[in-house]
1. When region 71-106 is examined, which residues are found to be of a type in the set (A, V, I, L, M, F, W, C) and crowded, with 20+ Cβ neighbours inside 10 Å?
2. Among the listed residues 30, 40, 11, which satisfies the condition of being closer than 25 Å to residue 144 by Cβ, among the small types (Gly, Ala, Ser) and more than 10 Å from the ligand (Cβ to nearest atom)?
3. Of the numbered conditions (1) within 11 Å of the ligand (Cβ to nearest atom); (2) outside any strand (DSSP E or B); (3) touching a residue at least 60 places away in the same chain (Cβ under 8 Å), residue 92 fails exactly one; give the number of that condition.
4. Applying the selection to region 114-170, what residues are among the small types (Gly, Ala, Ser), closer than 25 Å to residue 50 by Cα and either within 11 Å of the ligand (Cβ to nearest atom) or surrounded by 12 or more Cβ atoms within 10 Å (Cβ to Cβ) (or both)?
5. Modelled with pLDDT of 95 or more and either within 12 Å of the ligand (Cβ to nearest atom) or surrounded by fewer than 15 Cβ atoms within 10 Å (Cβ to Cβ) (or both): is that true of residue 58 in this structure?
Amino acid sequence: MRIVLLGPPGSGKGTQATRLAQRLGIPELSTGDMLRAAVSAETPIGRKAKAMMERGELVPDELVVAVVAERILRPDAKNGFILDGFPRTIAQAAALDDILLTNGLNLDCVVELKVDEEVLLGRILNRAKEATTNGQTARVDDTEGALRIRLDEYRRQTAPLADYYRAKGILKSIDGLQPVNKVATSLFEALVA
Ligand code: ADP
């Protein structure tokens with residue numbers, strides 16, 4: 001199955017993508033993780049993306065599309081994948097359609113996690129605090145300033161994707177404010193329904 005998970009920062013997308021990937025035995029492809037790895041490794045892409053990511057802005061489409069195009073064609077993604085954090089703009093969605101079409105593939109389902117915006121800020125700031133308490137390093141973009149920009153980018157650039165996929169007839173929406181296990185169940189049910 002080829003799945004896209006859509007949802008704002010702090011919606012629990014990453015947690016659900018990891019669980020679902022295990023359950024379905026297909027890889028989770030998180031562009032956030034891929035870009036953070038590129039930043040750590042100081043690759044050319046990482047060097048270009050670093051400052052924008054720290055500010056909470058989206059990195060340019062062509063950069064992310066290149067990363068994803070290479071990744072989804074690797075052998076481990078042959079039988080399917082879960083995209084987490086991509087596409088995030090209409091241009092990225094169109095690029096994904098092109099890549100899939102060129103390779104004779106298609107998207108099976110796009111699941112949108114619906115979450116109340118006010119809850120998000122609290123969730124993420126809490127995640128940062130927990131990380132610090134546990135002696136881990138909080139993400140550099142989990143600060144209030146960067147988070148506001150991430151939410152704003154989501155509202156402006158990513159939220160319109162729900163209509164894009166609804167028009168294609170492959171959008172499912174689930175309530176992301178339920179407890180983690182319930183979201184996982186709803187997500188799975190949405191996929192098999
Ligand atoms: P979030 O918690 O905001 O959903 P992610 O881990 O998915 O965080 O992404 C972190 C950052 O990586 C984003 O704020 C953005 O700078 C960059 N990024 C990730 N995916 C994309 C994408 N598809 N297009 C542009 N930028 C992206």
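The values are calculated or read from the model by the stated rules, or taken from the named source; none is laboratory data. Bear in mind that the values here come from a model prediction, so they are computed numbers and not experimental data. Quick reminder, even Gly has a Cβ in these numbers, built from the backbone with ideal geometry, and neighbours come from all protein chains shown.
1. Scanning region 71-106 gives 72, 81, 82, 83, 86, 93, 95, 96.
2. 40
3. Failed condition: (3).
4. 128, 131, 138, 146, 159, listed by residue number.
5. Answer is yes for this residue.
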